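Below you'll find the structure, written out as structure tokens, and then a few comments.
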Amino acid sequence: MDFKYLQNTPLYKAFSELGKRIFLPDGIFYWSGRAKKEAEIIGTIGSAFGYERDFVDGGGSDWLPCYLNEISEYSNMDIKDIVPYASIGGLNETREVWKNWVIKKSQYDEIKEKDLIKNLEKLITTPMITAGVTNGIFQCSSLFLNPGEFIIAPNKRWGNYDNIIKKFIGAKIKSFTFFKDQNINLESLEIAINEVAQIQDKIIIILNFPNNPTGYVPSEEEGKEIVSLLQQQQQNHKKPIVVIVDDAYEPYVYTSHSMKRSLFYDLIELEEDIIPIKLDGITKELLMYGGRIGFITLGLKSSWINNDQELEILKNEIANKLEGFTRATVSNCNHFYQALTQKLFQEKGINQILTSRMKVKDMLKQRYEKINEELAKIEDPNISIDPNSGGFFLFLNLNPDKIKATEFGDHLLRKYKVGVIPIEKLDEQINGIRIAYCSIDLPKIPELIKRIKLALNDF
Ligand SMILES: Cc1ncc(COP(=O)(O)O)c(C=O)c1O
């Protein structure tokens with residue numbers, strides 16, 4: 001594959017060696033595509049097909065992928081939506097459905113902001129399907145990071161970032177201190193960017209709002225400050241800034257002062273070479289954790305190309321790179337859940353999905369309010385709660401001179417039968433417990449906080 005247009009973009013300049021090297025060769029796909037159009041007898045694809053009557057008692061005369069008759073007892077979805085391989089980048093219809101969903105989530109007004117919608121539609125790639133958001137994080141980290149190179153992330157982050165970036169890829173994380181006085185610590189982010197800019201020709205950042213483990217979502221004001229800091233930094237350093245936006249918990253925002261949509265949308269509007277990559281998925285967003293379907297959507301810049309035709313070629317070149325990753329790792333993703341997602345959107349429609357999900361969101365919002373209300377009643381100089389207004393968790397900091405988080409977690413579990421996740425990374429200034437209130441029924445929350453209070457008292 002020739003990467004004629006991609007090669008001249010700042011995106012390509014930010015790629016790792018692997019990112020530059022990987023591609024999806026024509027091979028089987030070239031020949032099977034041609035065979036579909038040109039052949040009378042097709043023997044290209046490695047999956048068994050037959051007339052249904054020849055492999056199922058009472059089967060019909062359709063030429064189908066062979067399947068075990070017993071599986072049809074467990075689902076009334078068409079067998080063609082269950083057993084065949086999905087295409088490497090994902091089912092085209094599902095990708096299109098999700099692209100429309102990404103556009104819808106911009107919350108642009110369909111009448112008043114038509115031009116912004118058009119621009120967004122033009123500049124985003126068609127989402128590439130991954131095996132969950134995790135696989136998207138893995139693919140993007142691999143695409144940009146060579147072993148030894150830095151990615152910037154807040155010190156409080158999902159622990160799996162460290163597994164992927166440090167242990168798997170052998171790259172490094174430049175942490176910035178997430179909060180100062182209950183606000184995002186932009187000074188610390190700025191320092192991290194300046195440090196990385198001294199040693200790398202690219203700046204790669206991963207951000208996740210609502211955040212795991214803290215539940216933090218920037219306020220509208222903070223969102224604007226993050227964007228203008230990135231703009232300033234790009235202008236100063238003149239190096240591409242790639243922002244991986246982990247939107248795993250995107251819809252779960254509980255207060256009106258928080259940002260109402262993903263940072264992705266503000267970043268795509270910028271002219272600077274600040275390249276946003278949106279990672280989202282059905283996992284939390286559609287409450288199908290085990291479905292393992294995620295999406296990678298890149299935001300491109302119109303300054304990279306001269307016309308729409310070049311833009312289309314560029315998008316195909318990027319798609320080929322990502323398909324190369326998928327092919328080399330998981331080959332392709334779960335067909336059943338891709339088909340299910342597509343049907344949900346096409347047959348039930350967005351409004352019905354949102355109405356059903358609102359029940360869950362309202363339930364979580366009540367728990368969010370209750371747990372914060374109860375925690376606020378504890379007067380203890382050895383604890384503090386990180387700012388939180390969304391997601392599934394909150395984070396209670398413990399004074400490391402008095403209380404070690406893992407010992408406290410153990411004490412809480414043994415004596416008070418309360419399970420939480422202690423996180424003790426003193427070199428990153430983290431010592432506290434993550435409480436997943438998403439999985440605690442509302443009436444149990446006062447009791448939970450009572451026990452935490454007792455545990456603090458007698459620790
Ligand atoms: C911040 C964050 N990103 C990504 C994921 C992973 O999502 P998935 O299950 O779709 O791989 C999680 C799951 O816990 C998460 O907390």
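Structural remarks
- No other residue among K260, K224, K238 is at pLDDT below 95 and of a type outside the set (D, E) apart from K260.
- Filter pass, K365 being out of contact with any helix residue (DSSP H, G or I) (no Cβ under 6 Å at 6 or more places or on another chain), within 16 Å of the ligand (Cβ to nearest atom) and within 25 Å of S389 (Cα to Cα): no
- Filter pass, L64 being assigned to a strand (DSSP E or B) and not β-branched (V, I, T): yes
- Members of region 323-342 found to be part of a helix (DSSP H, G or I) and open to solvent by 30 Å² or more (accessible area, probe 1.4 Å), listed by number: E323, R327, A328, T329, F336, Y337, L340, Q342
- Listed here are the helices (runs of 4 or more DSSP H) enclosed by region 86-200 that have at least 1 residues being under 30 Å from N307 (Cβ atoms) and of a type in the set (K, R): 92-104, 114-123.
- Scanning region 286-334 for residues that are charged (D, E, K, R) and without any contact (Cβ under 8 Å) to a residue 40 or more places away in the chain turns up just one, E312.
- Positions within region 227-242 being surrounded by fewer than 22 Cβ atoms within 10 Å (Cβ to Cβ) and among the hydrophobic types (A, V, I, L, M, F, W, C), in sequence order: V227, L229
- Within region 404-428, the residues that satisfy the criterion of being of a type in the set (A, V, I, L, M) and surrounded by 13 or more Cβ atoms within 10 Å (Cβ to Cβ) are A405, L412, L413, V418, V420, I421, I423.
- Entry remark, region 168-178: residues being free of Cβ contacts under 8 Å to residues at least 60 places away in the same chain and closer than 16 Å to I206 by Cβ number 7 in total.
- Qualifying residue in region 175-186 (condition: out of contact with any Ser or Thr (no Cβ under 9 Å at 6 or more places or on another chain) and more than 27 Å from I383 (Cα to Cα)): no
- Pick from region 64-107, criterion without any contact (Cβ under 8 Å) to a residue 40 or more places away in the chain and in contact with a Lys or Arg (Cβ under 9 Å, 6 or more places away or on another chain), ranking: surrounded by the fewest Cβ atoms within 10 Å (Cβ to Cβ): P65
- Of the residues L270, L287, the single one that is within 14 Å of the ligand (Cβ to nearest atom), part of a loop (DSSP other than H, G, I, E, B) and open to solvent by 10 Å² or more (accessible area, probe 1.4 Å) is L287.
- Residue in region 298-309 that is within 15 Å of the ligand (Cβ to nearest atom) and closer than 28 Å to F23 by Cβ present: no
- Taking region 427-459 as the range and being at pLDDT below 95 and either charged (D, E, K, R) or under 30 Å from F176 (Cα atoms) (or both) as the test, the residues that pass are D427, E428, Q429, D458.
- For W63, the requirement of being touching a strand residue (DSSP E or B) at 6+ places or on another chain (Cβ under 7 Å) and more than 25 Å from F295 (Cα to Cα) is met.
- When we screen E40, E70 for residues that are assigned to a helix (DSSP H, G or I) and not aromatic (F, W, Y), the only hit is E70.
- Index of the failed condition, F138 passing every other in (1) open to solvent by less than 30 Å² (accessible area, probe 1.4 Å); (2) within 13 Å of the ligand (Cβ to nearest atom); (3) more than 24 Å from P422 (Cα to Cα): (1)
- Test: residue in region 144-153 that is closer than 18 Å to N208 by Cα, open to solvent by 20 Å² or more (accessible area, probe 1.4 Å) and modelled with pLDDT of 95 or more: yes
- Selection status of E121, surrounded by fewer than 21 Cβ atoms within 10 Å (Cβ to Cβ), more than 16 Å from the ligand (Cβ to nearest atom), modelled with pLDDT under 95 and among the charged types (D, E, K, R): no
- If the condition is being open to solvent by 20 Å² or more (accessible area, probe 1.4 Å) and within 16 Å of the ligand (Cβ to nearest atom), then region 252-267 contributes only V253.
- Of the numbered criteria (1) without any contact (Cβ under 8 Å) to a residue 40 or more places away in the chain; (2) surrounded by 21 or more Cβ atoms within 10 Å (Cβ to Cβ); (3) away from the ligand (no atom under 16 Å from the Cβ); (4) not polar (S, T, N, Q), the one D181 fails is (2).
- In the set (1) crowded, with 17+ Cβ neighbours inside 10 Å; (2) of a type outside the set (V, I, T); (3) without any contact (Cβ under 8 Å) to a residue 60 or more places away in the chain, the condition left unmet by D401 is number (1).
- Among the residues of region 1-27, the ones that are over 26 Å from P276 (Cβ atoms) and surrounded by 13 or more Cβ atoms within 10 Å (Cβ to Cβ) come to 0 in all.
- Filter result (in a helix (DSSP H, G or I) and surrounded by 17 or more Cβ atoms within 10 Å (Cβ to Cβ)) within region 429-452: Y437, C438, I445, L448, I449, I452
The values are calculated or read from the model by the stated rules, or taken from the named source; none is laboratory data. Predicted model only: the values in this text are computed from it and were never measured. Glycine gets a Cβ as well: all are built from the backbone with ideal geometry, and neighbour counts include every protein chain shown. Each accessible area value is taken on the protein alone, full model and side chains, heavy atoms only, with ligands, DNA and RNA left out. Shrake-Rupley method; radii C 1.70, N 1.55, O 1.52, S 1.80 Å.
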